[in-house]
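Quick notes on the structure that follows.
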Amino acid sequence: MEYLAVVNERRSVKRYDKDYKMTKEEIEKIIELAALSPSAWNLQQWHFLIVTDNEKKEQLKKAAWDQPKVADASASIVVLGDLDAYNRADEVADDWIQKGYLSEEGKAGLVDTIHNFYKGDQTKRDEAIRGASLAAMALMLTAKDMGYATCPMIGFDPEAIQKEFNVPKNLVPVMMITLGKGEAETRERGSRRGPKEIITYESFE
């Protein structure tokens, strides 16, 4: 699809063809493209818990306040933000050196800068959520381009998900996204605030 069509036609779809099964290759292609999203220092704070097994989806549904779409969609995805992404600073530096963006002598300085920036717990959490959210939006647009429907969700118990699915403590549940073959959305899109309502130029006075 053309990009403008993808943006204009993407909807949060709540009803799915429960008999339709996406292939693992299709799901992984969507994730691969979503992972092209930007992140500070290319630390790539996102991780995806993809649930396709019917029993596991029912388990996830319970943690998501029994919302039917969690079980009906081909896959229900928990988008996770990595609090420890800064520990990949050495990998980032080595990649930059290989690509000629950084000298060998500059590696230690870059690694120290990254670690110093992420000293605070709040910064770690903010960046985990920010990075994961950028990837989540890219995931939804990519899915739409490939002919699939999605719905972002905040209605779930993150602690229950972490416990029931053995999610490591450094991975924070940011949102859930249902993914699959959606049924036609008949409701009109909710109204959007226009540019005059959401733009301030230069400064607030």
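The values are calculated or read from the model by the stated rules, or taken from the named source; none is laboratory data. A quick note: this is a predicted structure, and the numbers were derived from the prediction, not measured. Cβ coordinates were reconstructed from backbone atoms using ideal geometry, including for glycine residues, and neighbour counts include every protein chain displayed. Heavy atoms of the whole protein, side chains included, go into the accessibility calculation; ligands, DNA and RNA do not. Shrake-Rupley method; radii C 1.70, N 1.55, O 1.52, S 1.80 Å.
Determine which member of the set K144, K124 is under 22 Å from D19 (Cα atoms) and either touching a His at 6+ places or on another chain (Cβ under 8 Å) or assigned to a helix (DSSP H, G or I) (or both).
Residue meeting the stated conditions: K144.
Please state which one of A64, A75, A71 is open to solvent by less than 10 Å² (accessible area, probe 1.4 Å), under 22 Å from M146 (Cα atoms) and either modelled with pLDDT under 95 or under 20 Å from the mean Cα position of the chain (by Cα) (or both).
Going through A64, A75, A71 in turn, the sole match is A75.
May I ask you to verify whether D82 is closer than 29 Å to K29 by Cβ, of a type in the set (D, E), modelled with pLDDT of 95 or more and in contact with a strand residue (DSSP E or B) (Cβ under 7 Å, 6 or more places away or on another chain)?
So D82 fits the description; yes.
For region 174-205, name all the residues that are open to solvent by 20 Å² or more (accessible area, probe 1.4 Å) and within 25 Å of I27 (Cα to Cα).
The answer is V174, M175, K181, G182, E183, A184, E185.
Within region 110-120, can you find the residues that are open to solvent by 40 Å² or more (accessible area, probe 1.4 Å) and not acidic (D, E)?
Listed by number, the residues that qualify are T113, H115, N116, F117, K119.
Criterion first (surrounded by 13 or more Cβ atoms within 10 Å (Cβ to Cβ), at pLDDT 95 or above and out of contact with any Leu (no Cβ under 8 Å at 6 or more places or on another chain)) does R130 satisfy it?
Considered against the rule, which asks whether it is surrounded by 13 or more Cβ atoms within 10 Å (Cβ to Cβ), at pLDDT 95 or above and out of contact with any Leu (no Cβ under 8 Å at 6 or more places or on another chain), R130 comes out as yes.
For region 162-173: of the residues being closer than 28 Å to R15 by Cα and in contact (Cβ under 8 Å) with a residue 60 or more places away in the chain, which is surrounded by the most Cβ atoms within 10 Å (Cβ to Cβ)?
P173
Of (1) surrounded by 11 or more Cβ atoms within 10 Å (Cβ to Cβ); (2) over 24 Å from A132 (Cβ atoms), P158 satisfies all except one. Which?
(2)
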